[in-house]
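Here the structure comes first, spelled out in structure tokens, and everything after it is commentary.
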Amino acid sequence: MKNKGNAKSDYSKNQILVSLIDNMRNKEFEKISVKEIVDQAEVSRKTFYRNFDSKIEVLVVEVEVIVAAYISRINEATNLSFETIVLLVFSTAEEHALFIELLVRNNLLYLLTDRLYEEILLIYEKKKAEIFEQFGEMTIANTLLFSFGGFEKYIKQWIKETPRKTPLQVQEDFKRIIELFIKSSEGA
């Protein structure tokens, strides 16, 4: 992303983001033109390209807001158990459900889940150094990758539910999943 820190640029970026999100409510992401975005945002095409290289980059602005909210929660957490991570992911997702729904509808959820995965790996490396020492970075990375693949699939289903489960209900679902994995590994 271009033009960081300038108040006028920040305002323009926000207008472009709001316009794109608004357009995504009624139209597929791929079918939204930059012209439609800038016309609704009341900025020039030149302003768009001064701040962004693509429409995806516009979405990344909101993805980073969600990631920052998640990181803030996780940094405050003293317990980084799988159940806690589930609760933190879905508490954050609940606050940003409309945007996440738009990502899911347009097959763009990976923008968010890939960024969350990158951050959780870094946090685990810092906060759970003993786990890295015991199992190795590759095992932890693969475990988190597997988990985030499940999160992505679960989020896609969760976002479509009516009524939507609360983060605590989702946490309970994942506790039962873990219990099932433990029971099935004991029987093997």
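The values are calculated or read from the model by the stated rules, or taken from the named source; none is laboratory data. Here the structure is a predicted model, which is why all the values come from computation and not from measurement. Glycine gets a Cβ as well: all are built from the backbone with ideal geometry, and neighbour counts include every protein chain shown. Just the protein is used for accessible areas: all its heavy atoms, side chains included, with ligands, DNA and RNA removed. Shrake-Rupley method; radii C 1.70, N 1.55, O 1.52, S 1.80 Å.
Provide a single number: the residues in the stretch 165-188 that are basic (K, R) and at pLDDT 95 or above.
If we filter the stretch 165-188 for residues that are basic (K, R), which is where we start, we get 165, 175-176, 183.
The next check asks that each one be at pLDDT 95 or above; those that pass are 165.
Total satisfying the criteria: 1.
Which residue is least open to solvent (accessible area, probe 1.4 Å), if the candidates are limited to the stretch 136-182 and must be among the charged types (D, E, K, R) and closer than 20 Å to R115 by Cα? Working first, answer last.
Keep residues of the stretch 136-182 that are among the charged types (D, E, K, R), which gives 137, 152-153, 156, 160-161, 164-165, 172-173, 175-176, 179.
Pick out the ones that are also closer than 20 Å to R115 by Cα and you get 137, 152-153, 156.
Values: E137: 105, E152: 42, K153: 143, K156: 63 Å².
Among residues in the stretch 136-182 that are among the charged types (D, E, K, R) and closer than 20 Å to R115 by Cα, the one least open to solvent (accessible area, probe 1.4 Å) is E152.
Checking each residue in the stretch 99-122 for being open to solvent by less than 40 Å² (accessible area, probe 1.4 Å) and either without any contact (Cβ under 8 Å) to a residue 12 or more places away in the chain or within 18 Å of K160 (Cα to Cα) (or both) picks out F99, I100, L102, L103, V104, N106, L108, L109, L112, T113.
So which of R50, R25 ends up being among the basic types (K, R) and closer than 27 Å to F90 by Cα?
Details: R50 fails: closer than 27 Å to F90 by Cα.
Step by step, each of R50, R25 is checked, and only R25 is among the basic types (K, R) and closer than 27 Å to F90 by Cα.
The lone criterion from (1) more than 16 Å from the chain's Cα centre (by Cα); (2) modelled with pLDDT under 95 left unmet by A41 is number (2).
If you take just the helices (runs of 4 or more DSSP H) that sit entirely in the stretch 1-96, which of them hold at least 2 residues that are under 24 Å from W158 (Cβ atoms) and open to solvent by 10 Å² or more (accessible area, probe 1.4 Å)?
Qualifying helices (runs of 4 or more DSSP H): 7-24, 55-76, 82-95.
Contact annotation: residue pairs with Cβ atoms under 8 Å, 6 or more positions apart or on different chains, pairing a residue in the stretch 159-188 that is under 24 Å from S81 (Cα atoms) and assigned to a loop (DSSP other than H, G, I, E, B) with a partner that is aliphatic (A, V, I, L, M) and at pLDDT 85 or above, are R164/A97.
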